[in-house]
1. I'm trying to understand the selection: among the residues of segment 407-424, which are more than 19 Å from Ala275 (Cα to Cα) and open to solvent by 10 Å² or more (accessible area, probe 1.4 Å)?
2. I'd like the full set of residues that are within 16 Å of the ligand (Cβ to nearest atom), among the β-branched types (Val, Ile, Thr) and in contact (Cβ under 8 Å) with a residue 60 or more places away in the chain, limited to segment 119-164.
3. Take segment 24-57 and flag every residue that is under 24 Å from Asn157 (Cβ atoms) and hydroxyl-bearing (Ser, Thr, Tyr).
4. I'm trying to understand the selection: among the residues of segment 316-341, which are within 16 Å of the ligand (Cβ to nearest atom) and either in contact with a Phe, Trp or Tyr (Cβ under 6 Å, 6 or more places away or on another chain) or small (Gly, Ala, Ser) (or both)?
5. Give segment 374-406 a look and list any residue that's open to solvent by 20 Å² or more (accessible area, probe 1.4 Å), more than 16 Å from the ligand (Cβ to nearest atom) and of a type in the set (Gly, Ala, Ser), or say none.
6. Scan segment 496-504 and give yes if some residue there is open to solvent by 70 Å² or more (accessible area, probe 1.4 Å), part of a helix (DSSP H, G or I) and touching a helix residue (DSSP H, G or I) at 6+ places or on another chain (Cβ under 6 Å), otherwise no.
7. Name, by its number, the condition in (1) touching a strand residue (DSSP E or B) at 6+ places or on another chain (Cβ under 6 Å); (2) hydrophobic (A, V, I, L, M, F, W, C); (3) crowded, with 23+ Cβ neighbours inside 10 Å that does not hold for Leu121.
8. Name every residue in segment 467-506 that is among the hydroxyl-bearing types (Ser, Thr, Tyr) and under 14 Å from the mean Cα position of the chain (by Cα), in order of residue number.
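The values are calculated or read from the model by the stated rules, or taken from the named source; none is laboratory data. On a predicted model such as this, the values are computed, not experimentally measured, just so you know. Cβ sites come from the backbone with ideal geometry, for glycine too, and all protein chains shown count toward neighbours. Surface accessibility is based on the protein's heavy atoms, side chains included, excluding ligands, DNA and RNA. Shrake-Rupley method; radii C 1.70, N 1.55, O 1.52, S 1.80 Å.
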Amino acid sequence: MTFIPHGRHLIAGDWIAGAVTFRSDPAHGPAHAFSEATPALVDQACRAAEDAFWTYGQTTRVDRAAFLNAIADEIEARAAAITAIACQESGLPQARIEGERGRTTGQLRLFASHILKDDHLDIRIDPALPDRQPLPRPEIRMIQRPLGPVAVFGASNFPLAFSTAGGDTASALAAGCPVVLRGHQAHPGTAEIVAEAFHAAITGCGMPAGVFSLLQGGGNAVGQALVTHPLIRAVGFTGSLRGGRALFDLCAGRPEPIPFFGELGSINPMFLLPAAMAARAEGIAQGWAASLTMGAGQFCTNPGVVIAVAGPDAERFADTACAALGQVAAQTMLTGGIAEAYRAGCKAACEAPGVQTLTAGAAEGSAALPVLLRVTGDDWQANPALHHEVFGPLGILITVRDTAQMIEIARALEGQLTCTLHMDADDTELARRLMPVLERKAGRVLANGYPTGVEVCDAMVHGGPYPASTNFGATSVGTMAIRRFLRPVAYQNMPGALLPAELQEG
Ligand code: NAP
């Protein structure tokens, strides 16, 4: 059955319309009208979230796991309609959206099973030592408790897995925190149908209505009202460096500052070491071209920069990458604005001193074609403007004088989500010298692979030093993401009846 959005916000269990509307701008299919949120509606949603926290924050892990599984079931019950509207709004192909939906429900179920195990609570118990000299020790028991209402911003580039029911929402709900979600303007219909799944799961599980609210549109004023609302305790965000930094600064400037978990920009450099290049430059180039252009390059882990020693192997790499990228057809980007920003970013990079254009397809409107540039190590280092993410299929090959310059470039990098080594056994010595640098720069270091495709699992880190993220101690993918929305509380000499259930057992 075709899903036709009604265009209302979900606040505390009610679908609320506003006086002013905006129209969606789908890549294909019909546009629809959606109510614009206001700071007054933000206030209503945050108060409902705070009310809900008094009960939701005290629910058992079993009840919360059942709720997370119910959300996944309700999403699956709407699978075909979700795929249809998400494809229309984002322009992403059906197979990608179906994969993303599976990842979204898988993530919800993973958090359900994760909280049942209780590792995330990091329980510590120091028994009392009444006879200790010179002073007795009290009994101290520690556990992680939920923070309170969390604001989440849906990301443009993952309409499902990093949006309404995405990793930020799933991990906050798993922790015991209600969520106020600001939908992304690029896919409001997708946000609405997923919010319907929430609505059904909340009712079915008897959860408090304010545990999840969805607000759409309303411009920057709405996002600003949300992160500065006194009842919001933390923020989850994926998006641009500029937008993320503005919101981070607002969180830090509040009378009571709160953590802002922003995942911002990353160029995900790949270091191509000499023995690997001598053995298989063409193969690495083919793999890079595929990774760089996957999903029109709209992945935060897109490997935008490769570094190789100048010489015949780098030339073979450049020729193969050029040929492979030249065969890639134009792809529709998520929004016209993102396509425009991509073209402007490519133009600025092409015009930077010392930059040589190896291939540059011209596309218009929402379409994008890959661009491949080459620059020497010296020119790269002299041009910090090149070091920032251009969101889309732009690749830059840096040819360095020698491996010493490769290490210098690594040392000068900003924080990254990922760094990758392409290496053979004879590269091990050089790789050993790079590793202490790369592990300081990135949340994830890979060998002989491509960073697109982020596994959702216990050991994943999707974060890194600024500007990859605003909080290098955290990840937004994988089960450790739940720790962002918990804080430790110690209970000293507390009667058992007053302790959280998990602490009574020890
Ligand atoms: P964005 O412009 O940062 O917007 C993300 C969200 O933040 C939107 O909901 C936006 O709301 C809000 N926002 C941005 N600036 C704000 C401000 N000053 N005050 C209040 N709210 C603000 O990101 P985007 O729309 O997803 O894409 C634009 C660019 O972001 C892309 O071209 C790309 O460069 C980058 N991007 C990077 C990644 C990544 O993973 N690294 C992912 C997605 C996008 P409004 O609707 O009110 O603007």
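1. Result: Glu408, Arg411, Ala412, Leu413, Glu414.
2. As a first pass, look at segment 119-164 and keep what is within 16 Å of the ligand (Cβ to nearest atom): 150-164.
Those still in the list that are among the β-branched types (Val, Ile, Thr) too: 150, 152, 164.
Matches in segment 119-164: Val150, Val152.
3. Answer for segment 24-57, where residues must be under 24 Å from Asn157 (Cβ atoms) and hydroxyl-bearing (Ser, Thr, Tyr): just Ser24.
4. The first filter runs over segment 316-341 and keeps only residues within 16 Å of the ligand (Cβ to nearest atom), leaving 331-341.
Selection gives Gly336, Gly337, Ala339, Ala341.
5. Answer for segment 374-406, where residues must be open to solvent by 20 Å² or more (accessible area, probe 1.4 Å), more than 16 Å from the ligand (Cβ to nearest atom) and of a type in the set (Gly, Ala, Ser): Ala382, Ala404.
6. Let us first name the residues in segment 496-504 that are open to solvent by 70 Å² or more (accessible area, probe 1.4 Å), namely 497-498, 504.
Now drop any that are not part of a helix (DSSP H, G or I), which leaves 497-498, 504.
Going one step further and asking which of them are touching a helix residue (DSSP H, G or I) at 6+ places or on another chain (Cβ under 6 Å), we end up with 504.
Taking every residue of segment 496-504 in turn, at least one turns out to be open to solvent by 70 Å² or more (accessible area, probe 1.4 Å), part of a helix (DSSP H, G or I) and touching a helix residue (DSSP H, G or I) at 6+ places or on another chain (Cβ under 6 Å).
7. (3)
8. First pass over segment 467-506, keeping only residues among the hydroxyl-bearing types (Ser, Thr, Tyr): 469-470, 475-476, 479, 491.
Residues satisfying the conditions are Ser469, Thr470, Thr475, Ser476, Thr479.
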